[in-house]
Number of protein chains: 2
Amino acid sequence: MNHKNFGIGIDLGGTNIKAGAVDKSGKILFKTSIPTEAGLGYKHVIEQIVKAAKIVADKSGKPDGVGTGAPGVVDFKTGEVKSPPNIPGWGNVNLKKILEKELRFRAVVENDANAAAIGEYIYGAGKQNGTFIMVTLGTGVGGGIFFNGKLFRGETGGAGEIGHVTINYNGRRCNCGSYGCIEAYVGNSRIVADTKKKIKVVKNTALLDLLEGDLSKLSPKVIFEAAKAGDEFSRDVIAQIGEMLGAALASAANLLDISTIVIGGGVSGFGKFLFEPLRRSAKKRVLAPLRPRLKIIRSKLGNAAGLKGAAALVYYKE
Amino acid sequence: MNHKNFGIGIDLGGTNIKAGAVDKSGKILFKTSIPTEAGLGYKHVIEQIVKAAKIVADKSGKPDGVGTGAPGVVDFKTGEVKSPPNIPGWGNVNLKKILEKELRFRAVVENDANAAAIGEYIYGAGKQNGTFIMVTLGTGVGGGIFFNGKLFRGETGGAGEIGHVTINYNGRRCNCGSYGCIEAYVGNSRIVADTKKKIKVVKNTALLDLLEGDLSKLSPKVIFEAAKAGDEFSRDVIAQIGEMLGAALASAANLLDISTIVIGGGVSGFGKFLFEPLRRSAKKRVLAPLRPRLKIIRSKLGNAAGLKGAAALVYYKE
């Protein structure tokens, strides 16, 4: 095919590199996925990134540019990606320069949490007003702050770390070294570990039946299945996540005076079982002037958020 | 006297109206204070404000403008002050228009927390880089966010509510209706009430001697006096405030990627007894990239912060 007016997006993950052509309206024209193969060294990973982009360009035509969402610390001005987790030996690589040299297209590189927020602004739920807090619920809790159509980056590009807003200063240790960060309660692995503990106390839940007694199969997805099937225990687990998340989001909304919050990432798939208690919790906790304006909505980009966020970088102007 | 290049600042409080002439370097050329007399009605209060400004102008000459810091909700664009607490009957008054009509000087009106932050930027600790979080510790905990020399206002001018960042989502009820807000622990009256409870348990402290056994005399000032005199109990009380405040500030610093925090207001008078545990707490809680940059400093404006913040409005451009 020979499309026009589209961007190539590359979503660099520890396991797979997803790449695709996304047009200006957010429609995916073509997509592919190749293994990252981080075990073969960082130079190989760079070759895989270039290869993925070339596959898309060969299938789709000349793009307006190529955007990459990369994990870890990214200097969006220079295009340097610093020591992304899960890619050993990487160090400090100027991915923008490499991609521009290899592909001859304009390249933009961003931290993946920022790319998700930019994706919401260009294609998703943040399109309307350009002022929102983006929250991505997954292994970790990531975020981004959009204000008047611009990403608020802070001093070094690190702003938006909603995952490390504390909800309990005497609470459990977080991987970051602090205590009681919201990520320490609602990150994927913490949800699974906490739910296992609760099951061992309660013993008799529909969730346990669904797992056929095998706790090693427990995942957020199974908890959601059980909740849908009417399991009160699983609904309570998800409601508790909503309650805690509401506290962290209320702190952020109060501090920023931003009333629209967009929730994406795997855990947002809990749907109404999450969103109802989350909205209740946040609403009761924000300051009175914010309360009538508060809007907590689900990302519209779904599973393709990483890919669309990366492609959106091509169309985002600061 | 007939000065030039100065601003008139008016600090509107529930009890007193402080007014003064402040030059461009932050030097107070003249100051006065007259009673607010809120009990005599809001129209009388407005007359008192005008009177205070006229006293200053008569003594100092023609100012570059007159800035007013007012409590409560202020629309800085229009100059409207909405229902300030402690001034019954006020409703919605366009103070900017009234002052410009009565005085024939350019008038600027701001919320007092914003004025404090602007004062730090123009005259104080925020002068150097223009990127900092301002925190005012008093009856309540107020705040302001400065980024690249501009106040970050949020959607409606309400940004910077650091007092309503939670440190414990299951914690005590705050006046705002939420739970565990930092203000619910380190606001003046909460400090006094909590310390009274602790004294009743401990019984034997140098602080109690200093109060001559009369708990009704307890105030943050007396706690500070006892701490200076070596009282471990009082030092622990202040250290605990620092520990909690550090948690709220770390949440804000992580979210904003802003590493300079300026602390003002009466409670900041606790000095090193507050700042040492506060810095320790915040440092251990912020994300690793922020840690080496983190700077928590005391406001340089001291007791005159309200007045200087109001005068600074004349020189602040957005």
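The values are calculated or read from the model by the stated rules, or taken from the named source; none is laboratory data. Bear in mind the structure is a predicted one, so any value in this text is a computation, not a measurement. So basically every Cβ, Gly included, is an ideal-geometry build from the backbone, and we count neighbours across all protein chains shown. In case anyone asks, the SASA skips ligands and DNA or RNA and just uses the protein heavy atoms, side chains included. Shrake-Rupley method; radii C 1.70, N 1.55, O 1.52, S 1.80 Å.
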Check your understanding: Roughly how many whole Å is it from the C-alpha centroid of region B:209-253 to that of region B:12-60?
Key -> 32
Practice item. Please determine, in degrees from 0 to 90 and to the nearest 10, the orientation of helix B:188-202 with respect to the longest principal axis defined by the Cα atoms of chain B, where the helix direction is its Cα long axis. Key: 20
Study note, to complete from the structure: Rounded to the nearest 10 degrees, the helix A:112-123 long axis (Cα) sits at an angle to the longest Cα principal axis of chain A of 80
Study note, to complete from the structure: Summing +1 per Lys or Arg and -1 per Asp or Glu among the other residues with Cβ less than 10 Å from B:GLU102's Cβ gives +3
Review point. Per residue, how many Å² of accessible area does region B:128-299 show with a 1.4 Å probe?
Key: 38
Exercise for review: Grab the other residues whose beta carbon is less than 13 angstrom from that of A:TYR121, score K and R as +1, D and E as -1, and report the net.
Suggested key: +2
Review point. Size of the protein assembly as shown along its principal axes in angstrom, Cα-based, largest extent first?
Key: 79, 57, 43
Review point. Once Lys and Arg get +1 and Asp and Glu get -1 on their Cβ, which of A:PHE275, A:ALA226, A:LEU287 lies farthest toward the positive end of the dipole of region A:195-318?
Key: A:LEU287
Revision key, fill the gap. Which of A:LYS82/A:LYS150; A:LYS283/B:LYS198; A:LYS4/A:LYS295; B:LYS284/B:LYS308; A:LYS31/A:LYS196; B:LYS221/B:LYS308 exceed 29 Å between C-alpha atoms? The answer is A:LYS283/B:LYS198; A:LYS4/A:LYS295; B:LYS284/B:LYS308; A:LYS31/A:LYS196
Practice item. Let me know the mean shielding of A:255-268 by other chains, meaning the per-residue number of their Cβ atoms within 10 Å of its Cβ. Key: 4
Review point. When the helix-only estimate is applied to the protein assembly as shown (DSSP H runs of n ≥ 4, each -39,500 (n - 2.57), divided by the residue count), what is the mean residue ellipticity at 222 nm, nearest 500 deg cm²/dmol?
Key: -11500 deg cm²/dmol
Check your understanding: When the Karplus curve 6.51 cos²θ - 1.76 cosθ + 1.60 is applied with θ = phi - 60°, which whole-Hz ³J(HN,Hα) does each residue of region A:128-141 get, with x for Gly and Pro?
Key -> 4, 10, x, 10, 6, 9, 9, 10, 10, 9, x, 3, x, 10
Study note, to complete from the structure: Label model pair B:LYS284, A:ASP214: point-to-point distance (7 angstrom along the Cα→beta-carbon line) in nm is 4.3
Study note, to complete from the structure: Quick calc: nm separation of the 7 Å Cα→Cβ label points for A:ASN5 and A:LYS196 -> 5.1
Review point. For chain A, what is the percent of antiparallel DSSP beta bridges, rounded to the nearest 5?
Key: 65
Practice item. Search the structure for amide H atoms under 5 Å from the amide H of A:GLY61, placed 1.01 Å from N in the peptide plane, and list their residues when 5 or more places away or on another chain. Key: A:HIS3
Revision key, fill the gap. Summed over the other residues with a beta carbon less than 12 angstrom from that of A:PRO277, with K and R at +1 and D and E at -1, the charge totals +3
Check your understanding: How many partner chain Cβ atoms sit within 10 Å of a residue's Cβ in peptide A:151-157, on average, as a whole number?
Key -> 6
Study note, to complete from the structure: Percent antiparallel among DSSP beta bridges confined to region B:128-299, rounded to 5, stands at 55
Review point. Looking only at other chains, what is the average number of their beta-carbon atoms within 10 angstrom of each beta-carbon in B:275-288?
Key: 2
Practice item. Would you mind checking the tilt of helix A:42-60 against the longest principal axis of the Cα atoms of chain A, expressed as 0 to 90 degrees and rounded to 10? Key: 80
Check your understanding: Going 7 Å from the Cα of B:GLU276 in the Cα-to-Cβ direction, what parts of region B:218-239 have a backbone nitrogen less than 17 Å from that spot?
Key -> B:224-239
Check your understanding: Total Å² of accessible surface buried at the A-B contact, 1.4 Å probe, nearest 100?
Key -> 3600
Review point. Extension gain B:THR139-B:LYS59, at 0.36 nm per residue separation less the Cα-Cα distance, in nm?
Key: 25.5 nm
Review point. If you roll a 1.4 Å probe over the protein assembly as shown with all protein chains in place, what percent of the accessible area is carbon or sulfur?
Key: 51
Revision key, fill the gap. Note on the protein assembly as shown, DSSP bridge orientation, antiparallel percent to nearest 5 equals 65
Exercise for review: Distances from A:LYS198 to the same position in the other copies: list them in nm, one decimal, shortest first, using label points 7 Å from Cα along Cα→Cβ.
Suggested key: 3.5
